[in-house]
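Here is the structure we will look at, set down as structure tokens.
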């Protein structure tokens, strides 16, 4: 008798121990995955956050040198201001920072502390403040990428001069400007508003953000209704026979097709046969819709299938047509699931790069697109483009773009969770 | 002789290869309760689902033979199945209210059939249906609550109210009390007694006591065949078939 009890206790201890081990494995696996996510986020954040502010240098611009009376600016139209010749005037305003410099070479070096668009920036300031210009105005001009990186501490100053893009004399100027309190940071609004640029300090994600937005909009408009209707037909109306089995298998296959294949399809058919404009969010959206459709169809079908058949019977039994039973009772219950599937599909599409490369959305686009028919980049493609660039400024911008992309993805997934929570039918 | 409401003639039903009903012929009297009893899988649910053509939903289901309601063949090609179901309401085994408000549950039928012209008409129909289903007093203060928030017995009475709302002649009840406790069951049985003054009721039940309590005629199904149909008292006191005798005395089933 006692033998038997002892045996049981031993076997129970064994089972409890194996349960403990199993739990440790599970926790280990989860921690491992979590650790990698954390490392990824930390890595991207630590190299990307500095792209959200930028270095500006304070310059006093003597507008009186440009015109006899600064009140005259208020009578000029924007076009008049555009026609003003301001290049040497702007340069002279910058030289005034170091009046002692005589040599042309040094002057050139000083100018290079600033972004190449300094003249444009002074002109813009003039345009937006033309009615209220004093004799001398203090303007914050964008520093060049090299200065920006030195200021942020991303640039190793102790390299030999010939291995550095920024020269010793420029560092001297820079340190002097810092001592005089003329160098400061400001929030990098242009980074969020502008399109791509060859100059890292002027490049922004605005263009690719709008491009991504248009693309996702096209995907939503195309794939949501098509996906929902296809799923409703397949789940509720289609006869169960070989043809529908075949369609079902192929939809599942479609979900597994590598995305670059859809890019080839877009290139071959949408661009070359139908002749839609290259590099545009419209075409990108169409291609990504093809990719997103199976995800939406599969998710919607699953949530339709989860609606209890008794609801359909209840509606049919009071004399509803099949369509009424489905649209009034089944679809509303399945909608949260369908929406969640759609948002997850859209999030996938948002992060997709390969098919966009093939349809030309990898182009260098300076302008922020105004419509889905304008050439544009998208966020993931922008990451790809900048990750290949040599200038240091693009390194932080690449990471910052990834941060934006991850931010949007997290927002979309959050929306999916919230929609599910809010609209889920309570039984 | 009471008048005949429903008449089934040589009804055969197949699910694919499998035959579920064999040559069932019976009639049901107007404004009476007819009970269908028999062991599980005997075809009584299949039979009742033929009466409002709910079996149409199942692709592989084939119905042969004839069912007449008031002399009209309900499987005739020109019969509109939606119209048929408006006249032949159904209450299911498991309460299946829509996941919507109590009001909308009852208002749905009248709405889709365009029975109520004004909103006030619709409210009147809903209130009357809930009263007839003996539910109104319990829910009158919370008509906008979800139908699924009610108790099981209340849900089933809500489903009865939903069936009544389109003003049918016939109510089919497919084991309406099998998911309910004895008290809720008693309320539904009491309700059936009230409803039969206006409606012809066919009830499928597993409980022989229930059949004895509520019905005037009873049919006994076994293995897809209608073994015997007669006055309820005759079935339970003096059945003519040995199988019926065995079933009601509890020897099988």
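Between the beta carbons of residue B:198 and residue B:25, assuming R0 = 30 Å, the FRET efficiency works out to 0.65 to the nearest 0.05. Across the protein assembly as shown, the volume of the C-alpha convex hull divided among the residues equals 303 Å³ per residue.
Between 0 and 90 degrees, rounded to the nearest ten: what's the tilt of helix A:331-350 against the longest Cα principal axis of chain A? Long axis of A:331-350 versus the principal axis of chain A: about 40 degrees.
Separation of region A:373-421 from region A:1-73 is 17 Å, based on Cα centroids.
Taking region A:63-98 and a reference point 7 angstrom along Cα→Cβ of residue A:176, the backbone N atoms nearer than 12 Å belong to A:95-98.
The distance between label points at residue A:413 and residue B:206 comes to 4.6 nm (points 7 Å beyond Cα on the Cα→Cβ vector). Here the label points at residue A:81 and residue A:390, each 7 Å from Cα along the C-beta direction, are separated by 3.8 nm in the simple model. Computed on the Cα atoms alone, the convex hull of region A:150-215 gives a volume of 111 cubic angstrom per residue. If I fit a long axis through the Cα atoms of helix A:2-48 and take the longest principal axis of the Cα atoms of chain A, what angle between them do I get, 0 to 90°, rounded to 10? Helix A:2-48 sits roughly 30 degrees off the main axis of chain A. Across region A:259-383, the relative contact order, built from alpha-carbon pairs under 8 Å that are at least six residues apart, equals 40 percent.
The simple Förster model, with R0 at 60 Å and r as the Cβ-Cβ distance, assigns residue A:185 and residue A:273 a FRET efficiency of 0.70.
Taking the C-alpha atoms only, the angle from helix B:182-195 to the longest principal axis of chain B is near 90 degrees. Shielding value for A:317-330 is 6, the average number of Cβ atoms from other chains within 10 Å of each residue's Cβ.
Placing dummy labels 7 Å off each Cα toward the beta-carbon, the span from residue B:62 to residue A:238 is 2.6 nm. Look at the alpha carbon pairs under 8 Å that are at least 6 residues apart: their mean separation over the length of region B:111-196 gives a relative contact order of 30 percent. Which residues does the label zone of residue A:129 cover in region A:159-197, counting backbone N under 18 Å from a point 7 Å along Cα→Cβ? Counting backbone N atoms under 18 Å from the label point, the list is A:182-187, A:189-190. Report relative contact order for region A:50-187 in percent, whole number only (criteria: Cα-Cα under 8 Å, sequence separation at least 6). Relative contact order, region A:50-187: 44 percent.
Among the residues of B:83-95, the average count of other protein chain beta-carbon atoms within 10 Å of the residue beta-carbon is 3.
Note on region A:50-187: along the principal axes its Cα atoms extend 52, 36, 25 Å, ordered by decreasing extent.
Comparing A:119, A:201, A:352 in a Gaussian network model of chain A (Cα springs below 10 Å), the most mobile by mean-square fluctuation is A:119. Where only DSSP H runs of four or more residues are counted, chain A gives -19500 deg cm²/dmol as its mean residue ellipticity at 222 nm, each run worth -39500 (n - 2.57).
Using R₀ = 60 Å, calculate the FRET efficiency as 1/(1 + (r/R₀)^6) where r is the Cβ-Cβ separation of residue B:14 and residue A:257; round to 0.05. Using R0 = 60 Å, I get an efficiency of 0.90. Potential lengthening of the chain between residue A:108 and residue A:38 amounts to 20.7 nm, from the contour at 0.36 nm per residue minus the alpha-carbon distance.
Every number here is computed from the coordinates shown, using simple stated rules; none is lab data. Because the structure is a prediction, the values reported are computed rather than measured. Note: ideal-geometry Cβ built from the backbone for every residue, glycine included; neighbour counts use all protein chains shown.
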